[in-house]
Amino acid sequence: MANKEALRDLQTRLAERMREARTEHRAATWLAVESAGVGFLLPLVEAGEIFPLGVVLPVPHTAAWFVGVANLRGGLHGVVDLAGFLGLRRAPVSGAPEGAREQTRVVAFGAALETNCALLFERLSGLRGREQMTALPRGAQALPAFVGGQYRDEAGRVWLELNLAALAGDEAFLKIMV
């Protein structure tokens with residue numbers, strides 16, 4: 001009985017947060033990251049702390065894109081290779097040359113998302129603001145629901161905005177077991 005009530009409370013809190021996220025005006029400020037040659041924009045309100053790639057323990061019987069688990073500031077986090085998850089890369093990041101591995105970073109999901117997960121990226125590219133980007137119309141290319149939009153920067157590079165809350169609830173993202 002207590003489990004049902006706790007689940008109901010969790011669902012209610014999640015529904016409230018989703019409504020708030022849709023109605024509140026958020027400053028469009030992003031952390032720009034790169035993986036497999038693709039640029040991604042992570043909203044700062046959803047992104048958490050950035051860590052160098054440290055010890056990640058593999059977990060048997062999981063998808064190749066699920067790198068493993070890592071201790072990030074005392075919390076156990078699942079580490080996901082986003083490029084691998086999206087099918088942009090087949091080889092695991094652990095096989096990267098040492099120089100490339102030094103730039104690899106892990107970005108945890110923000111605490112407000114209540115998800116002990118972190119995404120692995122090959123390179124940080126700094127911060128971006130809406131004034132630096134031009135929104136692109138949704139094209140014929142099918143994009144996952146967690147891609148909030150596409151933007152072009154002043155240099156002509158295209159960036160994909162990730163909605164981390166939507167990613168955390170994506171069915172395929174949650175299915176790490178093979």
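Residue pairs whose Cβ atoms lie under 6 Å apart, sitting 6 or more positions apart in sequence or on different chains, and linking a residue in segment 35-47 that is on the phi > 0 side of the Ramachandran plot to a partner that is polar (S, T, N, Q) and at pLDDT 95 or above, do not occur here. Scanning segment 108-141 for residues that are closer than 15 Å to Leu41 by Cβ and aliphatic (A, V, I, L, M) gives Leu119, Leu124, Leu127, Met133, Ala135, Leu136. Within segment 29-85, the set of residues being β-branched (Val, Ile, Thr) and in contact with an Asp or Glu (Cβ under 6 Å, 6 or more places away or on another chain) comprises Val67 only.
Among residues of segment 57-72 being of a type outside the set (A, V, I, L, M) and over 15 Å from Thr115 (Cβ atoms), the one that is surrounded by the most Cβ atoms within 10 Å (Cβ to Cβ) is Trp65. Just to verify a result, which residue in segment 145-178, among those that are over 20 Å from Phe121 (Cβ atoms) and in contact (Cβ under 8 Å) with a residue 24 or more places away in the chain, is farthest from the chain's Cα centre (by Cα)? Filtering segment 145-178 for residues that are over 20 Å from Phe121 (Cβ atoms) and in contact (Cβ under 8 Å) with a residue 24 or more places away in the chain, the one farthest from the chain's Cα centre (by Cα) comes out as Val178.
Evaluation of Gly54 against the conditions (1) at pLDDT 95 or above; (2) surrounded by fewer than 19 Cβ atoms within 10 Å (Cβ to Cβ); (3) of a type in the set (Gly, Ala, Ser) shows that the sole unmet condition is (1).
The values are calculated or read from the model by the stated rules, or taken from the named source; none is laboratory data. Because the structure is predicted, anything quoted here is derived from the model rather than measured. Glycine also receives a Cβ, built like all others from the backbone with ideal geometry; neighbour counts cover every protein chain displayed.
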